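Every number here is computed from the coordinates shown, using simple stated rules; none is lab data. Quick caveat: nothing in here was measured; it's all calculated off a predicted structure. No Cβ is skipped: glycine too gets one built from the backbone with ideal geometry, and neighbour counts run over all protein chains shown.
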Amino acid sequence: MSYLSLFRCISCGREYARDEIRYLCPECSRDYKPGIPLPGVLEVLYDYDKIRQIWENLKAIYGGADHIPLTELLRLFSPVSSLHFPPLPVGNTPLFKAASLAGKYGLGQLWIKYDGLNPSGSLKDRASQLMVAEARRLGISRIVCASTGNAACSLAAQCAAAGLKAVIFAPEFAPPAKLTQIMIHKAELNKVKGTYDDAFAAALAYTDGDEVLNRNTAYHPYTIEGKKTAGLEIFHQLGVPDWIVLPTGDGVILSAIHKAFLDLKRTGIINTLPRILSVQAESSDAITSYWESGVYRDAAQPATLADSISVKTPSNAHWAVLALKESGGISLRVTDREISRSQNELASEAGVFAEPSSSATLAGLKKALAQNMIPSDAQIVLLITGHGLKDIGAVKLEHS
């Protein structure tokens, strides 16, 4: 069963019952047109009192919180029963110490959460798994999404495993490896002449009533809930770190990781929240600029080798900035050169081949340390969201 209680609009606070609405708050999104951050994104709230009672019972059954299985923790905070999940397993990715990098930068504890080891090679599998589960609950056979590649690859794989149809709108410039991955799973691929933002609009236009489920990031609240599981796993594996460093494009992963710990705090399982270091490519810095100034504006001209975080109009900008403020976090820009160097470092000194967007995490951490924004004795987790094999063409080898 699910302990989902209701949906709440992050913009106006209106509350809705499950299945009363599907995507955005109808009041706040009344005049929405593609080209601006999504208004009225919905937050999934749970029966936290009930979950607290169950958690206490689980502690007694398993002999303490440290012995409660991950599956029990994930079950408590899932909006859809695992009975509806597709058979392709997702999550439970490794978290390990990066001792060499920690020593190089004088850090006490540096950990890597390697989500590039999900079935399709990225963290996006988490959201796709939950969206496929929701489609199966509702009896819907088609799911559509816009993507620069990773979300589409994950949706194509999860739909293939569940016997559903994936309909993809992707920019024609998406990395060839990702386009191949989409097609080999027999998804319907529609290449869009334009940017990710154009693909996002095309996927919205394709959504026709109740016959198709739209997986566009942040447009459906379960995309946030799915990605939240990475944060729940970090808690299960490590506890509450001081900082979590993550790449930011649309802002969904940022708000999702924050919400994982916020849900735990609302339930009384933890008392403190980790701080978030959000890292953006300098040409795709809409969320960083918004956080700095308090005034939203599009990224002027996104052009970065980190295609997964190349976004002009981040759909979840409003919630992302709210999450940064609630966590006491910060957001930084990094150059493509810094991203490329960090990709080489992660591979040669931690054994992790990360795609460029994920490599931005190390680049951002180095910048934050150099500017004394993060103390060297902090417990830090780098969230690696995608495998480097997703975009071989972006690799620039450095020779010592």
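Let me have the 222 nm mean residue ellipticity of the chain computed from DSSP H runs of 4+ only, each contributing -39500 (n - 2.57), with the sum over all residues rounded to the nearest 500.
Mean residue ellipticity at 222 nm (helix-derived): -12500 deg cm²/dmol.
What are the GluC sites (Glu not before Pro) within the range 241-328 that DSSP puts in a loop, where the Cβ has at most 13 other Cβ atoms within 10 Å?
Passing both the DSSP loop test and the Cβ count: no residue.
Give me the Kirkwood hydrodynamic radius of the chain, using the inverse of the mean 1/r over all pairs of distinct Cα atoms, in Å to one decimal.
Kirkwood radius, the chain: 20.9 Å.
Starting with the fewest neighbours, write out Thr361, Thr304, Thr267 ranked by other beta-carbon atoms found within 10 Å of each beta-carbon.
Taking fewest neighbouring Cβ atoms as first place, the list is Thr267, Thr304, Thr361.
I'd like the distance between the alpha-carbon centres of the range 343-369 and the range 164-214, rounded to an integer number of Å.
29 Å
Could you let me know the centre-to-centre spacing of the range 90-122 and the range 232-306, using Cα atoms, in angstrom?
17 Å
Among Cys9, Cys25, Cys159, Cys145, which comes first, second and so on when ranked by fewest other beta-carbon atoms within 10 Å?
The order, fewest Cβ neighbours first, is Cys9, Cys25, Cys159, Cys145.
Considering only DSSP beta bridges where both residues belong to the chain, give the percentage that are antiparallel (nearest 5).
Restricted to the chain, the bridges split so that about 25 percent are antiparallel.
If we count other beta carbons within 10 Å of each Cβ, what is the order of Val279, Val245, Val80, fewest first?
Listing Val279, Val245, Val80 from fewest to most nearby Cβ atoms yields Val80, Val245, Val279.
Name the shape class, rounded, prolate or oblate, that the alpha-carbon gyration tensor gives for the range 79-211, where a ≥ b ≥ c are the square roots of its eigenvalues, rounded holds for a/c under 1.5, and otherwise prolate holds if a/b is larger than b/c and oblate otherwise.
Since a/c reaches 1.5 but b/c is at least a/b, the shape of the range 79-211 is classed as oblate.
For the range 164-225, run through the GluC sites (Glu not before Pro) and keep only the ones in DSSP coil with at most 14 other Cβ atoms within 10 Å of their Cβ.
Glu172
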